[in-house]
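*Asks:* Below is one structure. I have some questions about it.
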Ligand SMILES: Cc1cc2nc3c(=O)[nH]c(=O)nc-3n(C[C@H](O)[C@H](O)[C@H](O)COP(=O)(O)OP(=O)(O)OC[C@H]3O[C@@H](n4cnc5c(N)ncnc54)[C@H](O)[C@@H]3O)c2cc1C
Ligand code: SF4
């Protein structure tokens, strides 16, 4: 914000910018600003519900407010409402195809998708074994401290330390671009150095390579330093020039105009009740190790320590390690949502709500995901390299040393068997569980209950 105010001033604008010491919240700043008696407040559509409500109440109290469409998304809210209104569940794929057609991205002249397919997911799921066979490619370092890069950053680091001395993380380690030029450079580096292998290793989780080939552009995008279509256009150019393969570029485009727009649409469609969703009745408290990383489960420990240090994990770490554990352990979705909001540099309510409550925790009753993203140690050991450094055994289903993900996975399907037996995408899990000998099921129930009782 300070860099933005500076650049506006450099372009000749008069800027009334309040620092935190003067106005602790945006609303305080706005109220202070009203002393100038503006003819009208011209505001871009806010991204979060509470700001939207506040602006409505200001308008109702006679303050002239004019809202303009947002430039941070390409699907207008009204259009998404038409797409989703009245439906029992929504499919991201349907939204994505519509968006590609409407925007003409990776489309051929005959109206068919480039390459003849909409989706290259199957090519974008290389495992640890595949990665090793490929010669274990490593991306260039993407997270490096920007300390010392600008006076504004130095000033903000010292204020953050003064105002929030006990919060998670170290402001000195800030690696984010904070200016428009910095954000464009981060995008350029991604397209040049990581996009070509983005697709191949999109789902891979490595404890010695935190970011893999991901873009790290969520924070600048969510802050408005980058615009979605310029990211998509940069990737499409890389495909057309032969720099990056179609599967990688399609995978990236799918994230931006597919998932990002979709979760935003779901948020506006479902708010304000969505935040209270708890379709699976999960009430357990968030374990304290989510703040310390001190747990014998190596995958969780590594990923939590990484987010503490950098405020970043990539998508599969968020979904299939953190979200998966919270889902299987029956942690309260609201506690989980608050934790994610606290820990990530790209966190905003509009994007967390559907990702945490809908996608990761299935708390919206399957509105936006046809089945829960539940996985046992088999998934984590295939797609990650955490298990070799762990005290638990990913191949053991029960007994001493059995991986807790295995116990919790089957216990989850036991607890929710009736609900998931009638879902064609999960009924096989339930019947596999039900076919097991009763003594084996009882052992898993007992060991899972003991593990859960030990979570504090
Ligand atoms: C439990 C959970 C919590 C999440 N919380 C956030 C959050 O607070 N803020 C956030 O921006 N994303 C969130 N995501 C989505 C996604 O994990 C992050 O956008 C991504 O990991 C950011 O890293 P990246 O920029 O390297 O992304 P890449 O993997 O390089 O993807 C490119 C871009 O696509 C967009 N994108 C991809 N997937 C999603 C998605 N599911 N929802 C929205 N945008 C997506 C992002 O803008 C991202 O920068 C969350 C996902 C889960 C499962
Ligand atoms: S054995 Fe289980 S807890 Fe340990 S790293 Fe593997 S999946 Fe995680």
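*Asks:* Within segment 382-398, does at least one residue satisfy the condition of being closer than 18 Å to residue 280 by Cα, assigned by TED's automatic domain parsing to the domain that holds residue 329 and either assigned to a loop (DSSP other than H, G, I, E, B) or away from ligand 1 (no atom under 16 Å from the Cβ) (or both)? Walk me through how you get there before you give the answer.
*Replies:* Let us first name the residues in segment 382-398 that are closer than 18 Å to residue 280 by Cα, namely none.
Within segment 382-398, none of the residues are closer than 18 Å to residue 280 by Cα, assigned by TED's automatic domain parsing to the domain that holds residue 329 and either assigned to a loop (DSSP other than H, G, I, E, B) or away from ligand 1 (no atom under 16 Å from the Cβ) (or both).
*Asks:* Output the residues belonging to segment 94-117 that are free of Cβ contacts under 8 Å to residues at least 60 places away in the same chain and under 23 Å from the mean Cα position of the chain (by Cα).
*Replies:* Scanning segment 94-117 gives 94, 97, 98.
*Asks:* Kindly indicate whether residue 371 is surrounded by fewer than 20 Cβ atoms within 10 Å (Cβ to Cβ) and either within 16 Å of ligand 2 (Cβ to nearest atom) or closer than 27 Å to residue 143 by Cα (or both).
*Replies:* On the way: surrounded by fewer than 20 Cβ atoms within 10 Å (Cβ to Cβ): yes; either within 16 Å of ligand 2 (Cβ to nearest atom) or closer than 27 Å to residue 143 by Cα (or both): no.
It is false that residue 371 is surrounded by fewer than 20 Cβ atoms within 10 Å (Cβ to Cβ) and either within 16 Å of ligand 2 (Cβ to nearest atom) or closer than 27 Å to residue 143 by Cα (or both).
*Asks:* Among the residues of segment 312-330 satisfying the criterion of being crowded, with 22+ Cβ neighbours inside 10 Å and under 18 Å from residue 365 (Cβ atoms), which is farthest from ligand 1 (Cβ to nearest atom)?
*Replies:* Restricting to residues being crowded, with 22+ Cβ neighbours inside 10 Å and under 18 Å from residue 365 (Cβ atoms), the top hit is 328.
*Asks:* Limited to segment 384-399, what total is found for residues that are in contact with a strand residue (DSSP E or B) (Cβ under 6 Å, 6 or more places away or on another chain) and either more than 10 Å from ligand 2 (Cβ to nearest atom) or within 21 Å of residue 446 (Cα to Cα) (or both)?
*Replies:* Looking only at that region, the number is 1.
*Asks:* Separate question: Just for segment 400-426: of the residues that are surrounded by fewer than 14 Cβ atoms within 10 Å (Cβ to Cβ) and within 14 Å of ligand 2 (Cβ to nearest atom), which one is nearest to residue 314 (Cα to Cα)?
*Replies:* Here is the first cut: in segment 400-426, the residues surrounded by fewer than 14 Cβ atoms within 10 Å (Cβ to Cβ) are 400-401, 418, 422, 424-425.
Next cut, within 14 Å of ligand 2 (Cβ to nearest atom) only: 400-401.
Details: 400: 31, 401: 28 Å.
Going through the qualifying residues, I end up with 401.
*Asks:* Then there is this: Just a yes or no: is a residue in segment 102-116 touching a strand residue (DSSP E or B) at 6+ places or on another chain (Cβ under 7 Å) and assigned to a strand (DSSP E or B)? Can you show your working first?
*Replies:* As a first pass, look at segment 102-116 and keep what is touching a strand residue (DSSP E or B) at 6+ places or on another chain (Cβ under 7 Å): 106-107, 113-114.
Subset that is assigned to a strand (DSSP E or B): 107, 113.
Checked against the condition, which is being touching a strand residue (DSSP E or B) at 6+ places or on another chain (Cβ under 7 Å) and assigned to a strand (DSSP E or B), segment 102-116 yields at least one hit.
*Asks:* If a residue has to be assigned to a helix (DSSP H, G or I) and within 21 Å of residue 304 (Cβ to Cβ) to count, how many in segment 345-373 make the cut? Break it down stepwise before answering.
*Replies:* First, pick out the residues of segment 345-373 that are assigned to a helix (DSSP H, G or I): 349-360.
After this cut, where a residue has to be within 21 Å of residue 304 (Cβ to Cβ) as well, the list is 351-352, 355-357, 359-360.
Number of matching residues: 7.
*Asks:* Please verify whether residue 363 is away from ligand 2 (no atom under 16 Å from the Cβ), at pLDDT 95 or above, more than 26 Å from residue 198 (Cβ to Cβ) and assigned by TED's automatic domain parsing to the domain that holds residue 423, treating the condition exactly as stated. Outline the logic, then answer.
*Replies:* On the way: away from ligand 2 (no atom under 16 Å from the Cβ): yes; at pLDDT 95 or above: yes; more than 26 Å from residue 198 (Cβ to Cβ): yes; assigned by TED's automatic domain parsing to the domain that holds residue 423: yes.
When the stated conditions are applied, residue 363 passes them.
*Asks:* Now for a separate question. Can you spot a residue in segment 146-164 that is in contact (Cβ under 8 Å) with a residue 60 or more places away in the chain and assigned to a loop (DSSP other than H, G, I, E, B)?
*Replies:* Within segment 146-164 (the criterion being in contact (Cβ under 8 Å) with a residue 60 or more places away in the chain and assigned to a loop (DSSP other than H, G, I, E, B)), the answer is yes, since at least one residue qualifies.
*Asks:* Which condition number does residue 187 fail, the rest of (1) under 30 Å from residue 236 (Cβ atoms); (2) in a loop (DSSP other than H, G, I, E, B) being met?
*Replies:* (2)
*Asks:* Tell me which residues, restricted to segment 308-332, are away from ligand 2 (no atom under 16 Å from the Cβ) and assigned to a helix (DSSP H, G or I).
*Replies:* Across segment 308-332, the qualifying residues are 308, 309, 310, 315.
*Asks:* So, one more: Would you confirm whether any residue within segment 32-42 is in a strand (DSSP E or B) and either surrounded by 15 or more Cβ atoms within 10 Å (Cβ to Cβ) or within 27 Å of the chain's Cα centre (by Cα) (or both)?
*Replies:* Narrowing segment 32-42 to residues in a strand (DSSP E or B): 41-42.
Those left that are additionally either surrounded by 15 or more Cβ atoms within 10 Å (Cβ to Cβ) or within 27 Å of the chain's Cα centre (by Cα) (or both): 41.
Looking for residues that are in a strand (DSSP E or B) and either surrounded by 15 or more Cβ atoms within 10 Å (Cβ to Cβ) or within 27 Å of the chain's Cα centre (by Cα) (or both), one finds at least one in segment 32-42, hence yes.
The values are calculated or read from the model by the stated rules, or taken from the named source; none is laboratory data. Just so you know, these numbers come straight off a predicted model, no measurement behind them. Neighbour counts are summed over all protein chains in view; Cβ atoms, including those assigned to glycine, are modelled from backbone coordinates with ideal geometry.
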